[in-house]
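> Got a structure here, written out as structure tokens. Questions coming.
The values are calculated or read from the model by the stated rules, or taken from the named source; none is laboratory data. As the structure is a computational prediction, the values presented were derived from the model and not from experiment. Neighbour counts are summed over all protein chains in view; Cβ atoms, including those assigned to glycine, are modelled from backbone coordinates with ideal geometry. The area values use the complete protein model at the heavy-atom level, side chains included, leaving out ligands, DNA and RNA. Shrake-Rupley method; radii C 1.70, N 1.55, O 1.52, S 1.80 Å.
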Amino acid sequence: MIVVITGASSGIGKALAEQLAPRGAELVLAARRLDKLEELNHKLGGQHLCIPCDVSSTEECKSLIEKSVEHFGRIDTLVCNAGYGMVRTVGETSPEEFRRIFATNVFGTTDCAHFALPIMAKQELRDGWRGQVMIVSSAAGRRGLPYFGAYSSTKAAQLSIAEALRVECRPLGIAVTSVHPVGTETDFFDVAQQQGGKTMPAKHKAEIRQSARRVAREMIRGIASPRAEVWPLRAARWALSLATLIPGPVDRVMEKFRKELDEQNRKS
Ligand SMILES: NC(=O)c1ccc[n+]([C@@H]2O[C@H](COP(=O)([O-])OP(=O)(O)OC[C@H]3O[C@@H](n4cnc5c(N)ncnc54)[C@H](OP(=O)(O)O)[C@@H]3O)[C@@H](O)[C@H]2O)c1
């Protein structure tokens with residue numbers, strides 16, 4: 001299989017590459033930090049293709065897809081994983097910051113899919129599908145989090161896009177899968193604090209954080225056997241679906257989280 005992974009230089013994308021490579025997948029590793037991609041490629045045997053790419057640029061997304069097809073002849077799965085968070089209230093997020101996070105998390109997804117879909121539609125069927133677009137959204141795509149409003153909104157947009165695209169692509173033989181991890185142990189929270197200029201309290205006992213390896217393992221199940229959604233923590237799927245029915249009580253739970261962040265940032 002040929003798998004293109006955006007955001008392969010770290011975290012979930014890197015863990016996915018590390019687990020797909022030993023299974024014989026040929027990979028296109030994309031991110032802005034080429035040195036990190038080359039280091040990963042070297043660790044995986046050196047036969048994969050590294051492409052420096054900033055997904056917030058339409059031209060770079062186009063070139064990523066073109067170079068991938070030029071090199072490998074087809075794309076079986078496009079994993080739109082590149083993204084970042086920002087710890088900041090909605091009111092404090094500037095118009096530029098909003099546009100910038102949408103440019104990476106949402107338009108980076110739609111641009112890569114836009115250029116890959118016509119190519120996938122012409123590919124021969126393989127295991128019943130011509131191709132697959134896998135979109136790494138988040139559990140936060142189902143319920144917005146205080147201090148993560150801009151980020152949550154990009155993840156909700158990715159979920160909506162995946163839902164519509166999945167039905168549109170079915171007759172083309174292209175599978176579309178969205179992925180919804182809960183908090184995962186990667187550089188994500190460090191980057192989110194840097195981007196937002198705010199700090200978060202240290203992880204408390206009640207909080208569940210998964211390993212990137214676990215998330216990647218579940219994503220591979222969704223690649224081997226395409227499905228609508230991948231929820232690496234299954235309980236989160238049911239809890240968050242229920243949460244959409246009772247927004248008032250859930251607001252009160254979320255208020256505790258907001259107060260902790262208010263308190264933390266007053267101190268710092
Ligand atoms: N960690 C979590 O708790 C969590 C939970 C739910 C969903 N997610 C989602 O999982 C995805 C991966 O995040 P992660 O947790 O693995 O965080 P991470 O370790 O910080 O990795 C983020 C990846 O995205 C890449 N990236 C960021 N901006 C980019 C851009 N403009 N162009 C190209 N690549 C870019 C980074 O590479 P470069 O810096 O080299 O470009 C890096 O490889 C994100 O979409 C995130 O929203 C994470």
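> Specify the angular offset, from 0 to 90 degrees and rounded to the nearest 10, of the alpha carbon long axis of helix 212-224 from the longest principal axis of the alpha carbons in the chain.
The two axes meet at around 40 degrees.
> Who wins for biggest fluctuation among Gly108, Gly13, Gly196 in a Gaussian network model of the chain, springs between alpha carbons below 10 Å?
Largest GNM mean-square fluctuation: Gly196.
> Per residue of segment 49-59, what does 6.51 cos²θ - 1.76 cosθ + 1.60 with θ = phi - 60° give for ³J(HN,Hα)? Whole Hz please, x for Gly and Pro, Karplus curve as stated.
Rounded to whole hertz, the list is 9, 9, 10, x, 7, 9, 5, 6, 9, 4, 4.
> Out of all DSSP beta bridges with both ends in the chain, state the antiparallel percent to the nearest 5.
Percentage antiparallel, nearest 5: 5.
> Testing the spin-label approximation: label points 7 Å from Cα along Cα→Cβ at Arg170 and His114. State their distance in nm.
According to this spin-label approximation, the distance is 2.6 nm.
> Let me ask you something else. How far, in nm, would the chain grow between Ala228 and Ala202 when pulled straight, counting 0.36 nm per residue and subtracting the alpha carbon separation?
Result for the pair: 6.0 nm of gain on full extension.
> Which residues' amide hydrogens lie under 5 Å from the amide hydrogen of Ile174, considering only partners 5 or more residues apart or on another chain, with H built in the peptide plane?
Those qualifying (amide H under 5 Å, at least 5 residues apart or on another chain) are Arg130.
> Stick to the Cα atoms of segment 172-244, pair each with every other, and give me the Kirkwood hydrodynamic radius in Å at one decimal.
Result for segment 172-244, one decimal place: 14.2 Å.
> Full extension from Glu39 to Ser268: what is 0.36 nm times the residue separation minus their Cα-Cα distance, to one decimal in nm?
Length gained, Glu39 through Ser268: 78.8 nm.
> Work out the charge dipole of the chain with +1 on the Cβ of Lys and Arg and -1 on the Cβ of Asp and Glu about the Cα centre, then indicate which of Tyr147, Ala239, Leu117 is farthest towards its positive end.
Ala239
> For His114, tell me the accessible area in Å² from a 1.4 Å probe, rounded to the nearest 10.
Result for His114: roughly 120 Å² accessible.
> Based on alpha-carbon centroids, what's the gap between segment 148-205 and segment 207-229 in Å, whole number please?
Here the answer is 13 Å between Cα centres.
> Something else: What's the magnitude of the charge dipole for the chain around its Cα centre, counting Lys and Arg as +1 and Asp and Glu as -1 at the beta-carbon? Answer in Debye, nearest 20.
That gives the chain a dipole magnitude of about 880 debye.
> Output the direction-averaged projected area (hull surface divided by four) of the convex hull of the alpha-carbon atoms of segment 82-126, in nm².
On the way: hull surface 16.9 nm².
Dividing the Cα hull surface by four gives the mean projection, 4.2 nm².
> Please work out whether segment 138-195 counts as rounded, prolate or oblate from its C-alpha gyration tensor, where a ≥ b ≥ c are the square roots of the eigenvalues and a/c under 1.5 means rounded, while otherwise a/b larger than b/c means prolate and anything else oblate?
Numbers: a/c = 3.15, a/b = 2.21, b/c = 1.43.
Note, shape of segment 138-195 comes out prolate.
> Quick one: Debye curve from the C-alpha atoms of the chain, no solvent, what's log10 I(q)/I(0) at q = 0.07, 0.09, 0.12 Å⁻¹?
For the chain at q = 0.07, 0.09, 0.12 Å⁻¹, log10 I(q)/I(0) is -0.24, -0.39, -0.70.
> Compute, for segment 154-197, the length of the dipole vector about the Cα centre, with Cβ point charges of +1 (Lys, Arg) and -1 (Asp, Glu) only. Units Debye, rounded to 20.
In total the dipole reaches around 260 debye.
> Still on this structure, please answer the following. Which of the pairs Lys14/Lys267; Lys43/Lys256; Lys62/Lys198; Lys155/Lys256 have their Cα atoms more than 32 Å apart in this structure?
Checking Cα-Cα distances, Lys14/Lys267; Lys43/Lys256; Lys62/Lys198 exceed 32 Å.
> For segment 1-74, what does the alpha-carbon gyration tensor say about shape, rounded, prolate or oblate, given a ≥ b ≥ c as the root eigenvalues, a/c under 1.5 as rounded, and a/b over b/c as prolate?
oblate
> Next up: Show that you can apply the helix-only estimate: for the chain, add -39,500 (n - 2.57) for every DSSP H stretch of four or more residues, divide by all residues, and state [θ] at 222 nm to the nearest 500.
-16500 deg cm²/dmol
> Where both partners of a DSSP beta bridge lie in segment 1-134, what percent of those bridges are antiparallel, to the nearest 5?
Taking every DSSP beta bridge within segment 1-134, about 5 percent pair in antiparallel fashion.
> Continuing with this model, one more query. On the accessible surface of the chain, probed at 1.4 Å, how many percent belong to carbon and sulfur atoms?
Exposed carbon and sulfur together represent 53 percent of the surface.
> Take every Cα-Cα pair in segment 61-162 and report what % of them are more than 17 Å apart.
54 percent
> Using the beta-carbon distance between Gln47 and Arg126 and R0 = 25 Å, what value does 1/(1 + (r/R0)^6) give for FRET efficiency, to the nearest 0.05?
0.80
> What is the helix-to-structure angle for 11-20, meaning the angle in degrees between its Cα long axis and the longest Cα principal axis of the chain, kept from 0 to 90 and rounded to the nearest 10?
30 degrees
> Using +1 on the beta carbon of Lys and Arg, -1 on that of Asp and Glu, and nothing else charged, what's the dipole of segment 1-90 about the Cα centre, debye to 20? Show your work: numbers first, answer last.
On the way: 10 positive and 11 negative charges, 56 e Å.
Approximately 260 debye in magnitude.
> If you don't mind, another one. Using the per-residue mean of other Cβ atoms lying within 10 Å as a proxy for protection, in what order, highest first, do the peptides 129-138, 164-173 fall?
On the way: 129-138: 24.8, 164-173: 14.3.
Listed from highest to lowest mean packing, they are 129-138, 164-173.
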